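A.B. asks: Got a structure here, written out as structure tokens. Questions coming.
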Amino acid sequence: MKYDRLKEFKGRKYTGMAVGGRHTWIYPNGLWKERKVAPDRWEFTLSAVKERETEAPDGSGAPIDTRFHWYILAHQRVRKIDSNAYSTFMSGVKYKLAHKRADRDRWNTEYGRGPSERENLITILEEALAKLKRKRPPKRTTSLADF
């Protein structure tokens, strides 16, 4: 199914990659910077160019210079290897808050036809909190607990 073709998922119309599609990305030379701001809280940035693991099919994907604003909720598991290195594993979910098409001068949330990026984020966080309160804590798995 073409990238920009109108699709539907659970009654919601959308464009882009079809639900269920997969990518594998490589982040060579990524730079993670963090600063401790409280005893158990850090602020961080990650800057990297991500590249497809395999070549994109001809004519697929968003046009060059399309932009996205994502919000990520994730777990990061780390294990100290030596005085200078940690192995790390991150898993979570990523939500699209907004996009800007390459041929447009404004983000899709700036047209006033739908929720703003802030409203989208509030909905995401409220739904995540409600889901967390409903679920029983997951059983620890050996693979993640030992990571």
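The values are calculated or read from the model by the stated rules, or taken from the named source; none is laboratory data. Remember, predicted model here, so these are calculated numbers, not experimental data. So basically every Cβ, Gly included, is an ideal-geometry build from the backbone, and we count neighbours across all protein chains shown. Areas reflect the complete protein model, heavy atoms only, side chains present, ligands, DNA and RNA absent. Shrake-Rupley method; radii C 1.70, N 1.55, O 1.52, S 1.80 Å.
A.B. asks: For the stretch 47-60, give me each residue that is open to solvent by 90 Å² or more (accessible area, probe 1.4 Å) and part of a strand (DSSP E or B).
C.D. replies: GLU51
A.B. asks: For the stretch 17-39, which residues satisfy the criterion of being free of Cβ contacts under 8 Å to residues at least 12 places away in the same chain and within 20 Å of ALA85 (Cα to Cα)?
C.D. replies: GLU34, ARG35, LYS36, listed by residue number.
A.B. asks: Right, here's the next one. Among the residues of the stretch 90-107, are any part of a strand (DSSP E or B), surrounded by 13 or more Cβ atoms within 10 Å (Cβ to Cβ) and of a type in the set (A, V, I, L, M, F, W, C)?
C.D. replies: Yes: one or more hits.
A.B. asks: Related question: Only one of ILE72, ILE26 is open to solvent by 100 Å² or more (accessible area, probe 1.4 Å) and β-branched (Val, Ile, Thr); which?
C.D. replies: Exactly one residue qualifies, and that residue is ILE72.
A.B. asks: I'm checking my understanding of the structure. Among residues of the stretch 5-20 that are out of contact with any strand residue (DSSP E or B) (no Cβ under 8 Å at 6 or more places or on another chain) and part of a strand (DSSP E or B), which one is modelled with the highest pLDDT?
C.D. replies: PHE9
A.B. asks: Another question, then. On the given criteria, is PHE44 surrounded by fewer than 10 Cβ atoms within 10 Å (Cβ to Cβ) and aromatic (Phe, Trp, Tyr)?
C.D. replies: yes
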